[in-house]
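Following: one structure in structure tokens, then a few remarks.
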Amino acid sequence: MTSPHDDPRFDWQASETDLTNPTTGGPDAEVVDLDDARSRRAPRPRPPAGDERTHYDVPLDEEPTPGGGPVDVPPLSPSGRKPVVPPALAGWANIKASIRYGLAVTAYRAGFHGLRSPWYAVQASFWATIGLFRLANRQRRWWWVSEQSALRQAAADANDPAMWHKLHREVKATRAWRGTVLVGEVAAVVVGGPIVVALAPWWALALAGVGAVAGLAHIGRPADRPIITPATVAGRFRRINSDVVLRAYYAAGLGHPDRANQQITFGSSMSRDRSDTGSQVLIDLPFNGKTWEDVLKARPAIAAGLDVSVNQVFLTRDKTSHRRHTLFVADRDPLAVAAGRTPLLDGKPRDIWAPAPFGLDERGHKVELLMMWVSILIGAQPRKGKTFAARALALFAALDPYTRLLVVDGKMSADWDKFRLIAHRYVCGVVPNSRDNDPITHLLDMLREVKTHIQEVNDFLAKLPTTECPEGKITRELSRKYPLLRVWVLVMEEFQNYFETDDQDDNKEIAALLSFIMAVGPSAGVIILSSSQKPSGVGAGDVARLFNRYRDNHAVRFALKCGNRIVSEAILGGDAYAEGFDASALPTGKEYLGVGILYGADDHTPIVRTYLADHGDAERILTAARRHREAAGTLSGYALGEEITREKRDVLADVRAVFRGKEPGLHWKVIAARLAEEMPEHHADATDESVSAQCRAVGIPSVSVNMRGSVNRGARKVDIVRLMDGRESA
């Protein structure tokens, strides 16, 4: 639907009939945002007391009802009392906001009608002329007593001369009296008019003339042709009352109107939400075992009972009871309304320790996401806005000059190319290409660097005094004071591709490194931002296990349109589906691009319409981000032109490091196990045969070793030390 006037059947207007209890709903705010409020509709009159008849009426308003109505019911105190002072007048800030709103509306209406006043004058003059003739005709009909003609004709038809003569005498007397009145009116106008014109001041004549023209114009114009055009037009809405809501809930099987203890009740009055985009009411399920989960499953049935699209029905859990929730019915599909361009286009510096603007929820409220201490997974079908959503968060991080970005683009697209302007490390693709000649090697180097950074950060924090670091973790002040403690953001676009490379050894090492970073990275200030269109069924054996561990440990999930419920569960988790959140049920269409379910960021799980930042916007933001980094002196790595060389495996040093205490020798099987456990980045796939072959290749002999009475082939420490000493002396 493109306009509220196109099809009023799908628009809703709140009614306050039949619902009497106070509500606890409404967004908390110290300043009431009155700029978002529009014209309100007056509540319907309450039905007569004692009227217990059940009715299911859904009439359409032929015209908007004038007057005001509640927007948000004021929040309650813990004692259950409404605030004495209205929110719009609570505090000087709210009073100023109310005054600004009133002045803004008045100024707008004055300008609107002032520009159209000449046209109003022309119309008023035209209809006043017609009104003058209509008034004269009304006076003539009043004098002639035209309404009695039918009575005299009826007496004549009934052959009742006595009644006819009686009526005739009465009409003659009435005409004589009314004629005298009309003569007096004409005399007053003819004689008194020139006297008034001569003696009255000009302003009185002007007011009288305006009043006369306005009155005559009102008489002359048709009822459907108003002269003054309204500056604000309220849409026509279908009324929603308690009967409509009850009908929907009972049809959905959540209660029964005629059975004991199975009636749906209301915890609030029906009201409009603050943004005036829909109607809301607090609902209590009956004491029959129905729960919040039952309501979520019944959402499509509730929408059908309300005769609206399921995209217009939103349910919010109430913290006070597992059977209480808020029903919000939007006037029109809010998910089809774009959130608009990203506010990051101003190019101003941002702070990674503050929430990032992400989009708008179904109620039109801003959705922000605090990226610190979490890992974020974004998943969807191709071309549903997955990359744009991930890039919006990465752009926010880029505008913080003290945040280091590492970008891995597994799909080798142009979406992330401009991040080369500020990225500390940048990997593109899975196979060598024109933009990255060895992506897998570069990825391994980057992940090892991240692991080393995490270890160094944790070691540094442990050495700080408690007076400076009382909780043993990074703070904003510490991250500004010590360069080592800067926040890192690791972006993994289509990360599943790096679990399925042609080299199984690389797959295992990448999986082990990502699993380690996921487990301990957030506490060390490493934020992981992952995206995937294939969040399950990747790899085999240990690689598959580590992939699932990496995917499932993301704290925050954002799922756009998915192909089926299984994919939705893989992104959001099984708990999300049990709570009624299924990304495969999101609507399909171009107008729904960028719409997804944000799970795990808050107790509330909103459906978010993400802000848009296209390629041009991203380049503009990243250009500003580079200037901020140059000014702060924080440009590093790839963006600064630095290169790193791949760290090679040192078999001698690695094997020597796994010997503990005074152990003279170890079996190859023990050496392989310790290497895999302690150095998974190099030896995650180590076996006794592979370790034996590598050691023998560098000169370590394979000999019989006795370990606690068990004899098997292995290596002696003395041989390893001898070779290392010989290498150093050379």
P(r) weight above 20 Å for segment 616-719, C-alpha pairs, percent: 53 percent
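Express as a percent, rounded to the nearest 5, the fraction of DSSP beta bridges in segment 356-514 (both residues included) that run antiparallel.
30 percent
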Output the 0 to 90 degree angle, nearest 10, between the alpha-carbon long axis of helix 92-144 and the longest principal axis computed from the alpha carbons of the chain. 30 degrees
Degrees, to the nearest 10: 717-729 long Cα axis against longest axis of the chain: 90 degrees
Here the averaged projected area of segment 511-663, based on the convex hull of its alpha-carbon atoms and given in nm², is 15.2 nm²
Quick one: pull the percent of accessible area on the chain belonging to carbon and sulfur, 1.4 Å probe, ligands and nucleic acids left out. 57 percent
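Obtain the radius of gyration and the Kirkwood radius of segment 110-164 from its C-alpha atoms and give Rg over Rh. Before the final figure, lay out each step's value.
Numbers: Rg = 21.9 Å, Rh = 14.9 Å.
Using only Cα positions, Rg/Rh for segment 110-164 is 1.47.
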If you take the beta carbon distance between Ala223 and Val181 as r and set R0 to 25 Å, what does 1/(1 + (r/R0)^6) give as a FRET efficiency, to the nearest 0.05? 0.30
How much FRET efficiency would the formula 1/(1 + (r/R0)^6) give for Arg341 and His365, where r is the Cβ-Cβ distance and R0 is 22 Å, rounded to 0.05? 0.80
If you line up the Cα atoms of segment 450-591 on their principal axes, what length do they span on each, largest first, in Å? 53, 38, 28
In Å, what Rg and Dmax follow from the Cα atoms of segment 349-441? 14.7, 47
In whole angstrom, the spacing between the Cα centers of segment 540-560 and segment 676-695 equals 25 Å
Antiparallel as a % of all DSSP beta bridges within the chain, to the nearest 5? 55 percent
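Based on the alpha-carbon gyration tensor of segment 480-540 and its eigenvalue square roots a ≥ b ≥ c, which shape applies: rounded if a/c is under 1.5, prolate if not and a/b is larger than b/c, or oblate? Present the calculation step by step, with values, prior to reporting the outcome.
Details: a/c = 2.90, a/b = 2.06, b/c = 1.41.
Judged from the Cα gyration tensor, segment 480-540 comes out prolate (a/c at least 1.5, a/b above b/c).
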log10 of Debye I(q)/I(0), alpha-carbon scatterers only, for segment 172-263 at 0.21 Å⁻¹: -1.09
Cα long-axis angle, helix 161-187 against the chain (0 to 90 degrees, to the nearest 10): 70 degrees
Please work out the average accessible area per residue across the chain, using the 1.4 Å probe convention, and give it in Å². 50 Å²
Taking max minus min of the Cα coordinates of segment 210-294 on each principal axis, largest first, gives extents in Å of 68, 28, 18
With all protein chains in place and a 1.4 Å probe, Glu619 shows an accessible area in Å² (nearest 10) of 80 Å²
Using alpha carbons only, how many angstrom separate the centre of segment 394-450 from the centre of segment 452-529? 16 Å
If Rh is defined by the Kirkwood formula over all Cα pairs and Rg also comes from Cα, what ratio Rg/Rh do you get for the chain? 1.19
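The values are calculated or read from the model by the stated rules, or taken from the named source; none is laboratory data. Just so it is clear, the structure is predicted and the values come from calculations on it, not from any experiment. Cβ sites come from the backbone with ideal geometry, for glycine too, and all protein chains shown count toward neighbours. Accessible surface is based on the protein model in full, side chains and every heavy atom, while ligands, DNA and RNA are left aside. Shrake-Rupley method; radii C 1.70, N 1.55, O 1.52, S 1.80 Å.
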